1. Kindly indicate the residue of the stretch 52-65 that is assigned to a loop (DSSP other than H, G, I, E, B) and at pLDDT 95 or above and also nearest to the chain's Cα centre (by Cα) among those meeting that condition.
2. Here is a list: TYR76, TYR34. Which entry is among the hydroxyl-bearing types (Ser, Thr, Tyr) and modelled with pLDDT under 95?
Amino acid sequence: MTLDAQGTNATACAGLNGQVPRCDHIARLPAVEYGPPECKECLLLGQTWTRLLVCLTCGWVACSDDSQGGHAKAHYRETDHPVVSVMEPRSTWRWCYIHRRTV
């Protein structure tokens, strides 16, 4: 067993070939229904969005960080819901705010 600086089992936390820690948040995601394909906050403020993200914990839809409002990240900060996906057909892209990387 390999221990990291904090004394935890680094081998158990490793990703493929030990490259990066696994994101356990993916395994804990419930099945959710997505909200409508719009950012409600942007609509209220008269803003437009670049792309929409959906919270995979509760289904909330909001604009991405590269949009003017960045409301998806604001949702994460308010709720601690860690993983989002892009609202595009057939996309498998997911982002974990806790790990700050794609998962």
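1. Only one residue fits best here, namely LEU56.
2. Of the residues listed, the single one that is among the hydroxyl-bearing types (Ser, Thr, Tyr) and modelled with pLDDT under 95 is TYR34.
The values are calculated or read from the model by the stated rules, or taken from the named source; none is laboratory data. If you're wondering where the values come from, they're calculated on a predicted model, not measured in any experiment.
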